[in-house]
1. With Cβ to Cβ distances under 12 Å as the rule, what net charge do the other residues near GLN52 carry (K, R +1; D, E -1)?
2. With the full set of protein chains in place, find how many percent of the accessible area of the chain is carbon and sulfur; take the probe as 1.4 Å.
3. What's the local net charge at ARG20, with K and R +1, D and E -1, over the other residues with C-beta under 11 Å away?
4. Could you work out the local net charge near ASP29, counting Lys and Arg as +1, Asp and Glu as -1, over the other residues with Cβ closer than 13 Å to its Cβ?
5. To the nearest 10 Å², what's ILE15's accessible area with a 1.4 Å probe?
6. Quick one: among LEU39, LEU14, LEU73, which has the greatest mean-square fluctuation in a GNM of the chain with alpha-carbon springs under 10 angstrom?
7. Which of the following values of semi-axes √(5λ) of the Cα gyration tensor in Å was calculated from the structure shown: (1) 20, 15, 11; (2) 18, 16, 12; (3) 37, 15, 11?
8. Please report the relative contact order for the chain, taking Cα pairs under 8 Å with a sequence separation of at least 6, and give it as a percent rounded to a whole number.
Amino acid sequence: LHKLVRTIPAGCMLIDAQGRVLDCNASADVALAELGGVLAAERVRLPRPTDQARWRQLISRAHADAVGHAVELASGPRCWRAHCVPVR
């Protein structure tokens, strides 16, 4: 999976059920930076509390019901759409 994550042209992160980022590609790094976010202690940290809460909820829901979910995250005039697809 790690090779696949790095070859996908869109931003992609491999995240476990606890929210730890196991791997990510360069496009994900760029998108995270544009959102003002960082990777800290293997977790995504976003500057807006509402985006952070929605991010955590996205990961939790996707891993709980094994169904893909999406959430929109704001960055000034831009809006980023993150998709979480659970992999077993």
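1. +4
2. 58 percent
3. In short, -2.
4. Counting the neighbours of ASP29, the net charge comes to -1.
5. The accessible area comes out at roughly 30 Å².
6. Looking only at LEU39, LEU14, LEU73, the biggest GNM fluctuation is shown by LEU39.
7. Recomputing semi-axes √(5λ) of the Cα gyration tensor in Å here gives the entry labelled (2).
8. 19 percent
The values are calculated or read from the model by the stated rules, or taken from the named source; none is laboratory data. Values in this document were obtained by computation on a predicted structure and should not be read as measured data. Cβ sites come from the backbone with ideal geometry, for glycine too, and all protein chains shown count toward neighbours. Surface accessibility is based on the protein's heavy atoms, side chains included, excluding ligands, DNA and RNA. Shrake-Rupley method; radii C 1.70, N 1.55, O 1.52, S 1.80 Å.
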